[in-house]
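A.B. asks: I have a structure here, written as structure tokens, and I will follow up with some questions on it.
The values are calculated or read from the model by the stated rules, or taken from the named source; none is laboratory data. Nothing here was measured: the structure is a model prediction, and the numbers come from that model. Ideal geometry is used to build each Cβ from the backbone, glycine not excepted, and the neighbour counts take in all protein chains shown.
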Amino acid sequence: MDSAGREAAGQLGSYAYSGKNERTIGDVLGDIATNIQEIVRSEIRLARVELTEQGRKFATAARVLAIGAAVALYGLGFVLLAALFALELVLPAWAASVILGAVLLIGAWVAVSAGLRQMKGLKGPAKTMQTVKEDALWIKEQPKS
């Protein structure tokens with residue numbers, strides 16, 4: 001090896017120019033495949049951590065939402081009771097109760113019908129499932145090192 005080669009070898013460290021340390025194309029490709037697999041594993045670990053963190057935040061928000069919904073239901077109950085008392089001023093108590101109950105049942109039927117119609121139109125995440133299947137197939141086809 002000439003002096004320029006020795007100087008370059010000293011600067012490159014373990015990848016110095018000598019017959020002993022040269023890597024074959026197969027070694028390089030194997031390292032690339034290993035690195036790609038490690039990157040994918042790292043991305044999966046990161047996704048797990050992020051999903052766990054987001055799940056905790058979602059659970060906290062859901063609890064607060066549930067408390068708010070419960071308080072709102074009690075409030076709605078009192079408003080309906082006030083409406084019933086107001087109707088009792090002009091109608092008998094039984095007639096006021098029937099009218100208010102019928103109005104509430106009609107409103108509930110409309111809401112449930114609309115919700116069921118929307119649910120029938122929902123589909124699963126087809127594109128995501130397809131790309132996950134393609135990724136899994138690609139990873140299986142990679143050479144093992």
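A.B. asks: Answer yes if at least one residue in the range 104-111 is aromatic (Phe, Trp, Tyr), in a helix (DSSP H, G or I) and modelled with pLDDT of 95 or more, and no otherwise. Spell out the reasoning first.
C.D. replies: Kept after step one, since they are aromatic (Phe, Trp, Tyr), are these residues of the range 104-111: 109.
Filter once more, so that each one left must be in a helix (DSSP H, G or I): 109.
Narrowing further to those that are modelled with pLDDT of 95 or more: 109.
Yes, the range 104-111 contains at least one residue that is aromatic (Phe, Trp, Tyr), in a helix (DSSP H, G or I) and modelled with pLDDT of 95 or more.
A.B. asks: Answer yes if at least one residue in the range 126-134 is more than 30 Å from residue 32 (Cβ to Cβ) and within 31 Å of the chain's Cα centre (by Cα), and no otherwise.
C.D. replies: So far as the range 126-134 goes, yes, one or more of its residues are more than 30 Å from residue 32 (Cβ to Cβ) and within 31 Å of the chain's Cα centre (by Cα).
A.B. asks: Checking residue 33 against (1) within 21 Å of the chain's Cα centre (by Cα); (2) surrounded by 10 or more Cβ atoms within 10 Å (Cβ to Cβ), which test does it fail?
C.D. replies: (1)
A.B. asks: Only one of 138, 109 is aromatic (Phe, Trp, Tyr) and under 30 Å from residue 35 (Cα atoms); which?
C.D. replies: From the options 138, 109, the qualifying one is 138.
A.B. asks: Somewhere in the range 32-55, is a residue free of Cβ contacts under 8 Å to residues at least 40 places away in the same chain and more than 30 Å from residue 137 (Cα to Cα)?
C.D. replies: No, the conditions are met nowhere in the range 32-55.
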